[in-house]
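Asks: Supplied in structure tokens, the structure appears directly below.
The values are calculated or read from the model by the stated rules, or taken from the named source; none is laboratory data. Just so you know, these numbers come straight off a predicted model, no measurement behind them. Ideal geometry is used to build each Cβ from the backbone, glycine not excepted, and the neighbour counts take in all protein chains shown. These accessible areas exclude ligands, DNA and RNA; they are computed on the full protein's heavy atoms, side chains included. Shrake-Rupley method; radii C 1.70, N 1.55, O 1.52, S 1.80 Å.
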Amino acid sequence: MAKRNIFPLYVKLWRQKLTRKLTGSGYAIFASPQKAKEAISKMNAELINGIPIRILPWDPEKSLINPAANVVISDLKENITTKSLQDKLSEFGEIISTHIDESSSTKKRPAFVQFKKQSEALAAIEALNDTEWEGCQLKITPFYNKVDRVIYRYEKTKFNNLFVKNLPQEDFKQNDLQSLFSAYGEILSSVLPTKEEEEQNKGFGFVCYKECDSALTAKESMSEKELQGKKLYVNRHLKKGELEEYRNAKLVKFREERQEKYGPNNLYVKPLPSNVGDSEFKKAFEVHGPVYSAKVMKDKRNISRGFGFVCFENKEDAEKVYLLFHYRFSKKQME
């Protein structure tokens, strides 16, 4: 920093508690926000001992980081450096962080670029995806966390194999299934499992198209279509392990969204009388605002454990109840 006439007031390097070895990170305090911004703009991605450094604003609550403004670039060649990549993408907007994964376990050498705004990230994707730069075919996509990557892989990527259920079980053969879906493209194979020693099928089947676009069109056109009094279910075919992975990811995503929406609205309440049930518990709090859910916790013998949780629809109602008083129950209140 001294080489660029940027002098921080204080520098601290972090060390491990037990070994006292350097962790490779630290922080610097400058005389003014302007000096800090100057250090970020001039020193980011500079080499120190052959390693590009990353300089970010101190943001413990991550209020400056917009997950939707993060992009990942795959399969970068060795001649592309952190500095050159940052210079290339900075024309689309302000970049908070640029990192190229150089770990030995990663052969594809991906890079992660955090823009300040989502619109800037989308502009970079639209302009540079599938273009050639420095002898490298750029593949730029939005960055997703582990759960979102699983959901994206099964919902957004192309496929050509369909799973169909709620099919007629009587007088419906494999050639009927083939004819039903042949209008949307060339079919490589179709399977209609049948019950052993019976002429009836099992009510479901599989259709594999040659082209992915044909499978997508068939899915959109045939899903929910009524056939002999039943609505067809048509979706991408997933193996048992894939289906389990997808369902688990959707469940985790649902819980995360529910926690984000209702987490601050959820209150822990104790003590509760042993004869108070969920409906009485909920009714006692509805005078303070709409209640999303109320649950009295019970043991294996279905006996109240003396506490419960109440979740309000609105954060303001939950804060009002929490700040005004610690709610206490009595027989008179429950009546």
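Asks: Per the Kirkwood treatment, what hydrodynamic radius in Å, one decimal, follows for the range 14-82 from the mean inverse distance over all distinct Cα pairs?
Replies: Mean inverse Cα-Cα distance, inverted, gives 15.0 Å.
Asks: Relative to 2.2 N^0.38 Å, what does the C-alpha radius of gyration of the range 169-255 come to as a ratio? Two decimals please.
Replies: Here the answer is 1.23, to two decimals.
Asks: Okay, next question. Quick one: accessible area per residue over the range 190-335, 1.4 Å probe, rounded to a whole number of Å²? If you can, show how the numbers build up before the last one.
Replies: Working: 10350 Å² over 146 residues.
Counting only protein heavy atoms, the per-residue value for the range 190-335 is 71 Å².
Asks: Now for a different question. So, for the range 24-126, what is the accessible surface per residue at a probe of 1.4 Å, expressed in square angstrom? Walk me through the intermediate numbers first.
Replies: Values: 6280 Å² over 103 residues.
Per-residue value: 61 Å².
Asks: Right, next: Among Lys35, Lys270, Lys21, which one shows the biggest mean-square fluctuation in a GNM of the chain, springs joining Cα atoms closer than 10 Å?
Replies: Lys21
Asks: Right, another one. Taking all pairs of distinct Cα atoms, average 1/r, flip it, and tell me the Kirkwood hydrodynamic radius of the range 110-221 in Å to one decimal place. Mind dumping the intermediate values first?
Replies: Values: mean 1/r = 0.0572 Å⁻¹.
About 17.5 Å, per the Kirkwood formula over Cα pairs.
Asks: For the range 120-162, with equal point scatterers placed on the C-alpha atoms only and solvent neglected, what are the log10 I(q)/I(0) values from the Debye formula at q = 0.16, 0.19 1/Å, to two decimals?
Replies: Result of the Debye calculation: -0.59, -0.75.
Asks: Given the -39500 (n - 2.57) contribution per DSSP H run of 4+ residues, what per-residue ellipticity at 222 nm results for the chain, rounded to the nearest 500 deg cm²/dmol? Before the final figure, lay out each step's value.
Replies: On the way: 10 runs with 104 residues, N = 335.
Using -39500 (n - 2.57) per qualifying helix, the result is -9000 deg cm²/dmol.
Asks: Compute the semi-axes of the equivalent ellipsoid of the range 74-156, taking the square root of 5 times each eigenvalue of the Cα gyration tensor, and list them largest first in whole Å.
Replies: Square roots of five times the eigenvalues give 19, 17, 13 Å.
Asks: Could you list the square roots of 5 times each eigenvalue of the Cα gyration tensor of the range 57-100, that is, the equivalent ellipsoid semi-axes, sorted largest first and rounded to whole Å? Working shown, then result.
Replies: Details: eigenvalues 97, 25, 22 Å².
So the three semi-axes of the range 57-100 are 22, 11, 10 Å.
Asks: Using alpha carbon centroids, what distance separates the range 150-210 and the range 227-269, in Å?
Replies: 24
Asks: When the accessible area of the chain is split by element with a 1.4 Å probe, what percent falls to carbon and sulfur? Please list the in-between numbers first.
Replies: Details: 11420 of 22820 Å².
On the chain, the fraction of accessible area on carbon and sulfur atoms equals 50 percent.
Asks: Still on this structure, I have one more. Among Gln259, Gln174, Gln16, which one shows the highest mean-square fluctuation when the chain is modelled as a Gaussian network with alpha-carbon springs under 10 Å?
Replies: Gln16
Asks: In a GNM of the chain with a 10 Å cut-off on Cα contacts, which of Thr23, Thr82, Thr217 has the highest mean-square fluctuation?
Replies: Thr23
Asks: Here is a further query. I need the peptides 159-167, 221-229 ranked by packing, meaning the mean over residues of other C-beta atoms within 10 angstrom, with the highest value on top.
Replies: 159-167, 221-229
Asks: Follow-up. Starting with the highest mean, order 275-287, 238-250 by the number of other Cβ atoms within 10 Å, averaged over the residues of each peptide.
Replies: Listed from highest to lowest mean packing, they are 275-287, 238-250.
Asks: What are the extents of the Cα atoms of the range 266-309 along their three principal axes, listed from largest to smallest and rounded to whole Å?
Replies: 32, 17, 16
Asks: Direction-averaged shadow area of the convex hull around the Cα atoms of the range 185-329, nm²?
Replies: The directionally averaged projection comes out at 15.3 nm².
Asks: Could you point to the label whose value was computed as P(r) over Cα pairs in 20 Å bins from 0, in percent for the structure here, given (i) 20, 34, 37, 9, 0; (ii) 27, 47, 15, 6, 4, 0; (iii) 30, 60, 9, 0?
Replies: Among (i) 20, 34, 37, 9, 0; (ii) 27, 47, 15, 6, 4, 0; (iii) 30, 60, 9, 0, the one calculated here is (i).
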